[in-house]
Amino acid sequence: PLALACAVLFICPSTRKPTMKRLLIATLMTLTLAAANAQSVDVKDAWTRATVTGQKATGAFMKLTAKEGAKLVRVSSPAAGITEVHEMKMDGDVMKMRAVQGGLELPAGKTVELKPGGYHVMLMDLKAPLQKDSTVALTLVFQDAKGVESTMNLNLPVATAAPAAGVGHGAHKH
């Protein structure tokens with residue numbers, strides 16, 4: 001639909017030929033719609049747990065709110081060899097942690113909290129210790145109901161405990 005709309009705008013109705021002005025308008029519309037889609041998920045209170053020398057894994061935590069329904073389908077970080085969304089839950093009397101398959105659902109308008117003991121991002125095979133008061137880059141890939149993917153790049157503060165509410169707000173950069 002977006003490509004068709006842009007193609008229609010690109011062609012001049014009277015001459016049925018493309019014009020530079022129409023090309024510019026179509027390009028700007030495409031970029032504006034892509035930017036709006038990329039910002040359809042709000043991230044708050046994001047942080048990563050600090051590690052010690054020799055520790056090969058840690059967690060990243062945040063609150064995600066999708067304006068419209070979406071899924072968190074992939075995560076990555078240059079600080080880790082493997083980055084995955086995990087879930088911890090009770091299985092009888094045993095707490096089990098597993099990678100989330102098929103993406104983490106983000107219902108429209110509802111906040112999904114990634115926190116210790118629940119859903120969280122696992123950074124595994126760390127390339128170096130994550131020191132308190134540093135930051136770690138994290139990329140989130142979301143998919144909307146139509147299957148369109150958008151990417152959000154974050155710089156998360158590294159801490160030994162969750163920052164006070166609101167401190168992690170604005171962790172994403174455009």
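The values are calculated or read from the model by the stated rules, or taken from the named source; none is laboratory data. Keep in mind that this is a model prediction, so the values were computed, not measured. Quick reminder, even Gly has a Cβ in these numbers, built from the backbone with ideal geometry, and neighbours come from all protein chains shown. Side chains included, ligands, DNA and RNA excluded: accessible areas come from the protein's heavy atoms. Shrake-Rupley method; radii C 1.70, N 1.55, O 1.52, S 1.80 Å.
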Please go through (1) closer than 17 Å to Asp45 by Cα; (2) buried (at least 16 other Cβ atoms within 10 Å of the Cβ) for Asp144 and return the number of the only condition it doesn't satisfy. (1)
For residues in region 46-57 being under 17 Å from Pro157 (Cβ atoms) and part of a strand (DSSP E or B), which is most open to solvent (accessible area, probe 1.4 Å)? Arg49
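Being under 13 Å from Ala46 (Cα atoms) and in contact with a His (Cβ under 9 Å, 6 or more places away or on another chain) narrows it down to one of Leu114, Leu138, Leu156, so name that one.
Values: Leu138 fails: in contact with a His (Cβ under 9 Å, 6 or more places away or on another chain); Leu156 fails: in contact with a His (Cβ under 9 Å, 6 or more places away or on another chain).
Checking each option against the conditions leaves just Leu114.
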So Lys96 ticks every box in (1) in contact with a strand residue (DSSP E or B) (Cβ under 6 Å, 6 or more places away or on another chain); (2) open to solvent by 60 Å² or more (accessible area, probe 1.4 Å); (3) over 20 Å from Val43 (Cα atoms) but one. Which box is left unticked? (1)
Of the conditions (1) surrounded by 17 or more Cβ atoms within 10 Å (Cβ to Cβ); (2) over 18 Å from Glu84 (Cα atoms); (3) at pLDDT 95 or above, the single one that Lys132 does not satisfy is (1)
Ala80 vs (1) surrounded by 20 or more Cβ atoms within 10 Å (Cβ to Cβ); (2) within 16 Å of Gly117 (Cα to Cα); (3) of a type in the set (A, V, I, L, M, F, W, C): all pass except (2)
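Taking into account only those residues within region 139-158 that are assigned to a strand (DSSP E or B) and of a type in the set (A, V, I, L, M), which is farthest from Gly103 (Cα to Cα)? Reasoning before the result, please.
First pass over region 139-158, keeping only residues assigned to a strand (DSSP E or B): 139-144, 149-158.
From what's left, of a type in the set (A, V, I, L, M): 140-141, 152, 154, 156, 158.
Details: Leu140: 11, Val141: 10, Met152: 15, Leu154: 19, Leu156: 21, Val158: 25 Å.
Here the answer is Val158.
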For region 108-117, check the following and say yes or no: at least one residue is among the aliphatic types (A, V, I, L, M), surrounded by fewer than 17 Cβ atoms within 10 Å (Cβ to Cβ) and over 21 Å from Ala161 (Cα atoms). yes
